[in-house]
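Only one structure is covered here, and it is reproduced in the block below.
The values are calculated or read from the model by the stated rules, or taken from the named source; none is laboratory data. All figures in this text were calculated on a predicted structure; none of them were measured in a lab. Glycine gets a Cβ as well: all are built from the backbone with ideal geometry, and neighbour counts include every protein chain shown. Heads up: the accessible areas ignore ligands, DNA and RNA and are worked out on the full protein's heavy atoms, side chains in. Shrake-Rupley method; radii C 1.70, N 1.55, O 1.52, S 1.80 Å.
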Amino acid sequence: MNRQNSPYVCHVFVCVNDRKGERKSCADGQGGLAIKELLKNEAAKRGWGGRVRVSQCGCMGLCQKGPNVMLYPQGIWFSEVAPALAPDILDVIEKLIATKAP
């Protein structure tokens with residue numbers, strides 16, 4: 001095992017947990033997967049490859065406040081995210097990477 005620092009200025013985790021309607025979750029009609037795709041596509045359009053990584057993840061433990069998005073290593077958490085709010089998250093990411101030298 002090799003231990004190293006993250007190669008990304010910002011790693012975006014978007015919960016896409018699906019509880020199949022048993023309880024509220026980030027995927028069940030909440031738009032988690034759509035949010036992930038929006039953020040991923042826009043990051044690529046902005047040329048952030050190698051600096052920003054958008055990944056989907058399972059349950060973050062706060063499904064009742066989902067969909068949830070977490071920025072690491074900054075520890076910034078967004079809850080109750082709707083696809084229309086993706087630009088607000090992208091603005092935060094843009095400010096984060098602007099403060100880090102390439």
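What the table below lists for this structure:
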quantity	calculated
Selection within the range 51-102 - modelled with pLDDT under 90 and of a type in the set (Ser, Thr, Tyr)	Thr99
Search result, residues across the range 82-102 that are out of contact with any Leu (no Cβ under 8 Å at 6 or more places or on another chain), free of Cβ contacts under 8 Å to residues at least 60 places away in the same chain and open to solvent by less than 50 Å² (accessible area, probe 1.4 Å)	Ala82
Count - residues of the range 18-66 that are farther than 13 Å from Val81 by Cα, outside any loop (DSSP other than H, G, I, E, B) and open to solvent by 20 Å² or more (accessible area, probe 1.4 Å)	10
First in the range 1-17 and in a loop (DSSP other than H, G, I, E, B), second anywhere and open to solvent by 70 Å² or more (accessible area, probe 1.4 Å) and not small (Gly, Ala, Ser), Cβ under 8 Å, 6 or more apart	Ser6/Tyr72; Ser6/Pro73; Tyr8/Arg53; Val9/Lys100; Val16/Leu33; Val16/Gln56
